Amino acid sequence: MKNYIKLSFVLAATLLVSCSSSDADYEDLKAEDNEQFSGGDVTVFNTSEEAFGFFAPNLTYDEQSNFGIGNSFFRQNWVIAPASTTARDGLGPYFNAISCSSCHFKDGRGRPQYADNETGHGLLLRLSIAGVDAHGASLPDPIYGGQLQDNAILGQTTKGTYTIAYTPIVETYADGSTVTLQKPIYTISNLGFGALSSNVKVSPRVANQVIGLGLLEAIPEATILAFAYQNTKNGVSGKANYVYDIVSNSNVLGRFGWKANQPTIRQQAAAAFSGDMGITSSLFPTENIPASVNGSGIPNGGEPEISDANFDKVVFYSSTLAVPARRDYNDATVLAGKKTFETIGCTSCHIPKMTTGTTHAIAALRSQVIRPYTDMLLHDMGTNLADNAPDYLATGTEWRTQPLWGIGLINTVNKHTFLMHDGRAKNVEEAILWHGGEATYAKSEFKKLAKKERDALLTFINSL
């Protein structure tokens, strides 16, 4: 009898402890209200290969018309001048692509080239040398300028070409499994105008998806600056870039580009027209030609080659592309992955939620609760990701936190999953493993997770 009583006590105590432990560990994970609306009212529910190409649902009828005109200029090819299509001539003389959509295919993301002679894939090389100009911008190569255009119009010598080779880097998880990353090495050759500067810095940049740019522009500056801090949480800092704004002739907060080196969508788009396609605008009225080339005899499409009226439509289009809604946002695995994303520190930089301001010129973008998963700030990402090319206040190891909205649909839209600034990561898992510098803690915690936990986290990210 004594033994029975003793056994009963032990079982009861065990059950009590078990229930207590289970109760303490249990967390009822639920989605937030409206969590599926990544872009607030600027959200579309479409998961097709056209998912990145829809206008904000809250645009007026006239605004939808402007969006359509901008869309046509974004997608259609520019041609060499003179041409009968005078609104779309002036390509080059040096260029990387013949249209915006060549690199931002279906408003999506570019990738590294599959073959050495492939063009129009969405990866280009920026060139800079030591020193800064009067506004703090990096100095371009004295012959080739700030970007290697690997195409030229008929009758002109191409500036040069490049190839990519890869070096393997093995990452090992705590459970012993491994992932082999590929570090790219770029070689520029076939130079048409002599050698590059001996101290040239080469920074590869892949074209990013265009969704939600207007919402990012509408985030109040004070909100972004409030995210900045120094060496507090697990060694993470956040730094704003201040860059030259042509319109205001002053240095202001940088928001766009891989190093937050452009202040506005307007200037980002004008720089792309100039650098990528050789199309001049009122913001960038000068052709990109080597110093030894006499540009007076080269045909052009007018001065500027894209009129302000047409350029305004492209800017409006780029500002009002909607954000796809979350998928499976209330799925148990997704919610578990979301919790892990928070626990291991990813949200230190990839801040989930914020509200746009009340003053943006486009009313549809105002006062929207958005979930971009970025702080819009610069972070040191370590030597493995370094391009060693400063860009205003960004050092050679610093990159802007990439918004994650839409990341799970890149494969659907663009038929690939290449990520990071140069597309070196073949998927989300590799992108996490490329993190270093301030993100070392989060990466280390990710590597300690069990495979089921890692898979849940990846499932969450791909739901964004």
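The values are calculated or read from the model by the stated rules, or taken from the named source; none is laboratory data. Quick caveat, the model's predicted, so the values are computed rather than measured. As a convention, Cβ positions derive from the backbone with ideal geometry for all residues, glycine included, and neighbour counts pool all protein chains shown. Calculation scope for accessible area: heavy atoms of the full protein, side chains included, ligands and nucleic acids excluded. Shrake-Rupley method; radii C 1.70, N 1.55, O 1.52, S 1.80 Å.
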Checklist line | Gly176, sole failed condition from (1) open to solvent by 40 Å² or more (accessible area, probe 1.4 Å); (2) part of a strand (DSSP E or B) | finding: (2)
Next item on the list: Could you list, in sequence order, all residues of region 306-347 that are hydroxyl-bearing (Ser, Thr, Tyr), more than 16 Å from Phe460 (Cβ to Cβ) and in contact with a helix residue (DSSP H, G or I) (Cβ under 7 Å, 6 or more places away or on another chain)?
Entry: Tyr317, Ser318, Ser319, Thr320
Note to self: Just to confirm my filter: which helices (runs of 4 or more DSSP H) fall fully inside region 254-351 and include at least 1 residues that are more than 22 Å from the chain's Cα centre (by Cα), charged (D, E, K, R) and more than 16 Å from Gln147 (Cα to Cα)?
What the structure shows: 308-319, 332-343
Notebook entry, point to check: In region 389-444, what residues are under 23 Å from Gly39 (Cβ atoms), assigned to a helix (DSSP H, G or I) and under 16 Å from the mean Cα position of the chain (by Cα)?
Noted result: Ile407, Gly408, Leu409, Ile410, Asn411, Val413, Asn414, Val428, Ala431
Note to self: Six or more apart or on different chains, Cβ atoms under 8 Å: show the pairs whose first residue is in region 322-340 and in contact (Cβ under 8 Å) with a residue 60 or more places away in the chain and whose second is open to solvent by 20 Å² or more (accessible area, probe 1.4 Å) and among the basic types (Lys, Arg).
What the structure shows: Asn330/Lys30; Leu335/Lys30
Next item on the list: Kindly indicate whether Phe316 is at pLDDT 95 or above and in contact with a Phe, Trp or Tyr (Cβ under 9 Å, 6 or more places away or on another chain).
Entry: yes
Check: Out of all the residues in region 416-433, is one or more at positive phi and buried (at least 22 other Cβ atoms within 10 Å of the Cβ)?
Finding: yes
Next item on the list: Hey, can you tell me all the residues within region 103-145 that are in a loop (DSSP other than H, G, I, E, B), open to solvent by 50 Å² or more (accessible area, probe 1.4 Å) and charged (D, E, K, R)?
Entry: Asp116, Asp133
Next item on the list: Identify the residue in region 230-247 that is open to solvent by less than 60 Å² (accessible area, probe 1.4 Å) and over 16 Å from Pro390 (Cα atoms) and, among all such residues, is nearest to the chain's Cα centre (by Cα).
Entry: Gly238
Check: Of all residues in region 57-67, which are under 16 Å from Val314 (Cβ atoms) and touching a residue at least 60 places away in the same chain (Cβ under 8 Å)?
Finding: Leu59, Glu63, Asn66, Phe67
Checklist line | Single condition His379 does not satisfy, out of (1) of a type outside the set (A, V, I, L, M); (2) open to solvent by less than 10 Å² (accessible area, probe 1.4 Å); (3) under 16 Å from Gln209 (Cβ atoms) | finding: (3)
Margin query: Regarding region 359-367, can at least one residue be identified that is surrounded by fewer than 19 Cβ atoms within 10 Å (Cβ to Cβ) and outside any loop (DSSP other than H, G, I, E, B)?
Written below: yes
